Structures are given as C-alpha cells and as structure tokens.
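The structure appears right after this line, and notes come after that.
All of the numbers you see were taken from the coordinates with simple rules; none came from a lab. Keep in mind that this is a model prediction, so the values were computed, not measured. Don't worry about glycine lacking a Cβ; one is built from the backbone with ideal geometry, like all the others, and counts go over all protein chains shown.
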Amino acid sequence: MSPSFGGGPTSGFTQRPQSLAKLAKVIWVPSSPQKLHLTKRFVKCILAAVIGNATAQNVDVIADPARVAAVLSPIRRRLLQHLTQPDSASGLARKLGIPRQKINYHIRELERAGFIELFEQRQQRGCIERLVKVTARAYLISEDFLGQLAADPDQIRDSFSSAYLVAAAGRVLRDVATLRTRARNVDQKLATLGMEVEIAFSSPAEFNSFSEELATEIARLSASYNKSAAQNSRRFKLFVAAHPVITKTEREASREAAASRKKKEK
C-alpha cells in the first residue's frame, strides 16, 4: 500500500504512515471470507470470495515466450477479437477483408499456441468447414516470460513507491496464474479473495488517517486469524494496494505533459 496521491504531484499526499511498516511479511489465513461485507456505495465488486467455479477459462495468463510471440501479430489479435463466437476461416475472411488462405495460416498458429480451439466441423458445399472459438474471454501477459528481467519487489528498497506497487502486482499475477494452472491440472478449485473499493478523500490528512486505520485493522485481523501452528492450516498472502483513479484521457494527459515540458524549458 502506497500512501502517495497522484495524477501529478500533489502537495501533502506523500507522507508515509509509520504503522504501515509493521505489516511487512504478515501471514494471513482467512477463516470465513464470505462473511466480509462492505456497503455497495463504495464497493464495485463485493468480495469476490469466489472459489473458481467457471468451466472455461475467463482469463488466460500468458507466460510462455512462444505464446507471447504468437499473439503479438495485429492480425491474430483481430482474429481473437472476432472469435468470441465460433466462426470459420471463410467467415472471418469476409468480415475482415483478408484472404482466406492467410486467415487459415494464422488460425493454425493460434490453435497450436492454445488461443483457439475447434468448436465443430460441418459439411459445406462438399467440403468440411471447421468452426473455431477462443479458449478464454480475455488475455493477460505475465512478466514471467521475462525471466530474471522481471521486476522483483523484494529487490526494491522503498516499499511505499509506485515501483514497488507495480512489482508486487506483477508477482500477484504470476503467483495466481501458477496456482490456477496447478489447480486446473488436478481438477481442484482455487480459493481466492478479491475486493475493489473506490473512495474520495478530501485531504492528505484523511488519506493518511485511513491508511493508518487500515494498517492497524489488518494487523489485528492477521494476528487473530493466523493459525500457522495448526496442522491443516494453509498460508495465504494478502496484498493491499491503493492508487489514484485515472480521470484524464490520453489526449488530456499528453497535453498536460507537453505543457509541463514547455514550462521546464523556460
């Protein structure tokens, strides 16, 4: 958790609550996450205390360098966008205005990499037409494919910095992706907990007070529920993060950056 506001430098929002440092390396074992509740006024996604129950992948996290390379082509990304519903090479060729032979080549490569799969085969004018569809609803590229080049939060000294936050979020993505794969390979469900809250603070002092109270409450709950000595306990990692909401478009941000550069040049 990084108690620094942004969207640009904001005076007063960079003070670091002292008690947050006490949370380092805390082990948290949830007992009954279903009981947790926050008002709908602030919570967009009320505690996804979901024990992965989807029959198909909702999100495919890509870590293999070969799979990353396979999806970099703009044409292949367009194909994936159009294959949320089953379609054939001929159908895609008509929609995209690309020769069917070229579509067939990219479909084979995407199928080989596991991004699409056969939906059905049917007779069409004396030929067998193959309909394919995507294997996931969305895709994320894990920094795992970077190997030792990937950001390691343990190597970043300032645990309150945005660099640490980005690195820690990357580690969450890598770890959960690995656990999802392992759980799926043995037909087991993965217990996870997710929460998203949007809060508007009127001052830096309010933000710091909130951070202090949150840190204290998490420390209390962690100490209360941690049963590391229990024989059948399972360790969970709790990751808490806060960042400003994006409120500007790319064009507005670019104009602001250009104005800032001109100001520095004067």
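Per-structure values
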| item | result |
| --- | --- |
| Proxy reagent accessibility, fewest Cβ within 10 Å first, across Lys189, Lys133, Lys266 | Lys266, Lys189, Lys133 |
| The stretch 149-266: relative contact order in percent, alpha carbon pairs under 8 Å with at least 6 residues between | 13 |
| Gyration tensor verdict on the stretch 115-266 (Cα atoms; rounded if a/c is under 1.5, prolate if a/b is larger than b/c, oblate otherwise) | oblate |
| Extension reserve of the Met195-Gln81 stretch, reckoned as 0.36 nm per residue once the Cα distance is removed | 38.3 nm |
| Burial ordering of His82, His106, fewest other beta-carbon atoms within 10 Å first | His82, His106 |
| Separation between Cα centres of the stretch 58-101 and the stretch 152-208, rounded to whole Å | 29 |
| More than 14 angstrom apart: percent of Cα pairs within the stretch 57-137 | 61 |
| Spin-label pair Glu206/Ala219, simplified geometry with 7 Å Cα→Cβ offset, distance in nm | 2.5 |
| Anisotropy class of the stretch 54-203 from Cα gyration tensor, a/c 1.5 cut | prolate |
| Sorted by Cβ density within 10 Å, fewest first, the residues Asp187, Asp60, Asp175 | Asp187, Asp175, Asp60 |
| Largest-first principal axis extents, alpha carbons of the stretch 184-266, Å | 66, 39, 22 |
